[in-house]
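Participant: Have a look at this one before I ask anything.
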Amino acid sequence: MFRNLCFRVQSIALLGAFGLSAALAAQTPGSLKDAYKGDFLVGAALDAAQIEGKDARADAIVLAQFNTISPANALKWARVHPKPGKYRFKLADRYVAFGREHHMFVVGHNLVWHNQVPGWVFRDDKGQLLTRDALLQRLKEHIQTVVGRYKGQIQSWDVVNEALDEDGSLRQSLWLKIIGPDYIEKAFEYAHEADPQAQLTYNDYNLEKPAKREGAIRLVKKLQAEGIPIASVGLQNHDSLTWPSAAEEDATIKAFAALGVKVVVSELDVNVLPNANQQPTADVSLRVGRNKALNPYRKGLPDSVQQQLARRYADLFRVFLANRATVARVTFWDVTDGDSWLNNWPVKGRTNYPLLFDRQGKPKPAYDAVLAAADRKP
Ligand code: XIL
């Protein structure tokens, strides 16, 4: 009854903001954020159109369903700091304003990564690789500027993204080659100095794989031993219908819980198309050529796969719920199936169905399954 009432009030508010069709699209019984209230936050990554209010259908879903947002691209180095000394904050400012206006938990993604970072960052004006000190200086300036600008407004930062290789060793990025392994500690220190209240996260994919997970555990322990304030580990969870298993997910969350850090499920989606790569990966630089066999559901998702996706999401959320003392947030990577990066990665132009809302913005059976999973609180 109470839920219904809230829902109606919200619908009326949405009607004013976005018009009838958008409000209808967001009309689903209950909501993800209410279903998991007291357990963890539930969120979505927003693209530029959604941040700028040009996608009323998706925005209505975001307001009705989620209480935390992440920026799909708006805060990456290449977007926010494209040239030396030149910052472009217009989109990032709108992103943060959107979150504040709607009282959402606002996530910053990300400060240090080997992708979507311009080549100039690592070179001097003669094109030579920078010295350790010069690159540290640049990193510090970037972090101070970006984190400082949103101090008290972005509650959680993905400080370092994807620093580990699959075997658990540190990835041979230019950050590592030029600065050395302590670039990670330095980035956390700079972020903490710029906003001591912000929750700082190490974020990566495939931490369900034992060797990589061990690497992350070593990293977290090292940071903790040095007194670096790491609040959480982000599990990206770019999943498939079969990997990781519920048991692997559960063991991974528990391994980080044992270290005393929180876990955030930072980029959840479930690929339903044939794997284009032998091993699970979320490496954005991977490119696989087009091939009809890799794009079997152009005209629609067969009901059997739709149901499989629903069961898969229910299984995952049961694991998150069972670990609710550790899991602080679950964020979907994008809002509707049509927005998903998985339509263009690692194969361009596929038709994927990885999220809870379809291309019309309607909730899928997977949405109902996730809501139903919340009723089975352990
Ligand atoms: C993706 C975005 O969704 C795409 O729009 C962009 O083209 C590439 O990056 N891991 C991450 C995210 O940490 O930043 C990536 O986001 C997906 C994989």
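The values are calculated or read from the model by the stated rules, or taken from the named source; none is laboratory data. Bear in mind the structure is a predicted one, so any value in this text is a computation, not a measurement. Cβ placement follows ideal geometry from the backbone for every residue including glycine, while neighbour counts extend to all protein chains displayed. For accessibility, only protein heavy atoms count, side chains too; no ligands or nucleic acids. Shrake-Rupley method; radii C 1.70, N 1.55, O 1.52, S 1.80 Å.
Participant: For segment 146-172, how many residues meet the condition of being in a loop (DSSP other than H, G, I, E, B) and open to solvent by 10 Å² or more (accessible area, probe 1.4 Å)?
Facilitator: Residues of segment 146-172 that are in a loop (DSSP other than H, G, I, E, B), as a first pass: 150-155, 162-163, 165-169, 171-172.
Then keep just the ones that are open to solvent by 10 Å² or more (accessible area, probe 1.4 Å); that gives 151-153, 155, 165-167, 169, 171-172.
Number of matching residues: 10.
Participant: With polar (S, T, N, Q) and in contact with an Asp or Glu (Cβ under 8 Å, 6 or more places away or on another chain) as the only criterion, which of ASN115, ASN67 stands out? Spell out the reasoning first.
Facilitator: Working: ASN67 fails: in contact with an Asp or Glu (Cβ under 8 Å, 6 or more places away or on another chain).
Matching residue, one of ASN115, ASN67: ASN115.
Participant: State whether the residues of segment 117-136 include one that is within 14 Å of the ligand (Cβ to nearest atom) and either at pLDDT 95 or above or assigned to a loop (DSSP other than H, G, I, E, B) (or both). Before the answer, list the steps.
Facilitator: Of segment 117-136, the ones within 14 Å of the ligand (Cβ to nearest atom) are 117.
Of the ones still in play, those that are also either at pLDDT 95 or above or assigned to a loop (DSSP other than H, G, I, E, B) (or both) are 117.
Within segment 117-136, one or more residues are within 14 Å of the ligand (Cβ to nearest atom) and either at pLDDT 95 or above or assigned to a loop (DSSP other than H, G, I, E, B) (or both).
Participant: Determine if segment 182-202 includes at least one residue that is assigned to a helix (DSSP H, G or I), away from the ligand (no atom under 16 Å from the Cβ), over 30 Å from ASP93 (Cβ atoms) and over 22 Å from the mean Cα position of the chain (by Cα).
Facilitator: Among the residues of segment 182-202, not one is assigned to a helix (DSSP H, G or I), away from the ligand (no atom under 16 Å from the Cβ), over 30 Å from ASP93 (Cβ atoms) and over 22 Å from the mean Cα position of the chain (by Cα), which makes the answer no.
Matching residues to (1) touching a residue at least 40 places away in the same chain (Cβ under 8 Å); (2) of a type outside the set (Gly, Ala, Ser):
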residue	(1), (2)
THR326	yes, yes
ARG329	yes, yes
THR336	yes, yes
PRO346	yes, yes
ASN352	yes, yes
ASP358	no, yes
LYS362	yes, yes
ALA369	yes, no
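Participant: If you don't mind, another one. Is it true that ILE143 is in a helix (DSSP H, G or I), within 30 Å of TRP243 (Cα to Cα), of a type outside the set (Gly, Ala, Ser) and in contact with a strand residue (DSSP E or B) (Cβ under 6 Å, 6 or more places away or on another chain)? I'd like the intermediate steps shown before the answer.
Facilitator: Details: in a helix (DSSP H, G or I): yes; within 30 Å of TRP243 (Cα to Cα): no; of a type outside the set (Gly, Ala, Ser): yes; in contact with a strand residue (DSSP E or B) (Cβ under 6 Å, 6 or more places away or on another chain): yes.
In short, no.
Participant: So in segment 28-50, with the set limited to residues that are open to solvent by 30 Å² or more (accessible area, probe 1.4 Å) and within 18 Å of ASP269 (Cα to Cα), which one is farthest from the ligand (Cβ to nearest atom)?
Facilitator: Step one: of segment 28-50, the residues open to solvent by 30 Å² or more (accessible area, probe 1.4 Å) are 29, 33-34, 37-38, 41, 47-49.
Now restrict to residues that are within 18 Å of ASP269 (Cα to Cα): 33, 41, 47.
Values: LYS33: 22, LEU41: 18, ASP47: 7 Å.
Per the criteria, the residue is LYS33.
Participant: May I pose another question? Could you run through segment 229-243 and say how many residues are surrounded by 20 or more Cβ atoms within 10 Å (Cβ to Cβ) and either in a loop (DSSP other than H, G, I, E, B) or not acidic (Asp, Glu) (or both)?
Facilitator: The number of residues fulfilling the criteria is 8.
Participant: Separate question: Just to be sure before I move on: is LEU355 more than 15 Å from the ligand (Cβ to nearest atom) and closer than 22 Å to ASN203 by Cβ in the structure I sent? Walk me through how you get there before you give the answer.
Facilitator: Working: more than 15 Å from the ligand (Cβ to nearest atom): no; closer than 22 Å to ASN203 by Cβ: yes.
Criteria not met by LEU355.
Participant: Cβ contacts < 7 Å: first residue more than 17 Å from VAL265 (Cβ to Cβ), restricted to segment 192-209; second residue open to solvent by 70 Å² or more (accessible area, probe 1.4 Å) and of a type outside the set (Asp, Glu), any location; separation 6+ or different chain. Result?
Facilitator: So the pair list comes out as ALA194/GLN144; ALA194/LYS151; ASP195/LYS151.
Participant: Answer yes or no as to whether ASP334 is on the phi > 0 side of the Ramachandran plot and touching a strand residue (DSSP E or B) at 6+ places or on another chain (Cβ under 8 Å). Outline the logic, then answer.
Facilitator: Working: on the phi > 0 side of the Ramachandran plot: yes; touching a strand residue (DSSP E or B) at 6+ places or on another chain (Cβ under 8 Å): yes.
Here the answer is yes, as ASP334 does meet what is asked.
Participant: A follow-up question, please. Return the residue satisfying two criteria in turn: it lies in segment 264-281 and is under 26 Å from ALA44 (Cβ atoms) and more than 19 Å from the chain's Cα centre (by Cα), and of such residues it is surrounded by the fewest Cβ atoms within 10 Å (Cβ to Cβ). Talk me through it step by step, then tell me what you get.
Facilitator: Of the residues in segment 264-281, the ones under 26 Å from ALA44 (Cβ atoms) are 264-277, 280-281.
From the residues that got through so far, the ones that are more than 19 Å from the chain's Cα centre (by Cα) too are 273-277.
Values: LEU273: 22, PRO274: 13, ASN275: 16, ALA276: 19, ASN277: 11.
Residue satisfying both the conditions and the ranking: ASN277.
Participant: For segment 366-377, state whether one or more residues are of a type outside the set (Asp, Glu) and under 22 Å from ALA56 (Cα atoms). Outline the logic, then answer.
Facilitator: Step one: of segment 366-377, the residues of a type outside the set (Asp, Glu) are 366-367, 369-374, 376-377.
Now narrow it down to the ones that are under 22 Å from ALA56 (Cα atoms): 367.
Yes, segment 366-377 contains a residue that is of a type outside the set (Asp, Glu) and under 22 Å from ALA56 (Cα atoms).
Participant: Looking at the structure I just gave you, is ASP339 away from the ligand (no atom under 14 Å from the Cβ) and among the acidic types (Asp, Glu)? Reasoning before the result, please.
Facilitator: On the way: away from the ligand (no atom under 14 Å from the Cβ): no; among the acidic types (Asp, Glu): yes.
For ASP339, the condition - away from the ligand (no atom under 14 Å from the Cβ) and among the acidic types (Asp, Glu) - is not met.
Participant: Then there is this: Looking at GLY53, GLY108, GLY119, which is the one that is open to solvent by 40 Å² or more (accessible area, probe 1.4 Å) and under 21 Å from ILE154 (Cα atoms)? Walk me through it before giving the result.
Facilitator: Values: GLY108 fails: open to solvent by 40 Å² or more (accessible area, probe 1.4 Å); GLY119 fails: under 21 Å from ILE154 (Cα atoms).
The unique qualifying residue is GLY53.
Participant: If the requirement is being open to solvent by less than 10 Å² (accessible area, probe 1.4 Å), out of contact with any strand residue (DSSP E or B) (no Cβ under 8 Å at 6 or more places or on another chain) and either assigned to a strand (DSSP E or B) or under 30 Å from VAL106 (Cβ atoms) (or both), which of these qualifies: VAL284, VAL347, VAL370? Quick ask: steps written out before the conclusion?
Facilitator: Values: VAL284 fails: open to solvent by less than 10 Å² (accessible area, probe 1.4 Å); VAL347 fails: either assigned to a strand (DSSP E or B) or under 30 Å from VAL106 (Cβ atoms) (or both).
Within the list VAL284, VAL347, VAL370, the selection yields VAL370.
Participant: Something else now. Restricting to segment 244-263, name every residue that is within 20 Å of ALA44 (Cα to Cα) and open to solvent by 10 Å² or more (accessible area, probe 1.4 Å).
Facilitator: Within segment 244-263, just LYS262 meets the criteria.
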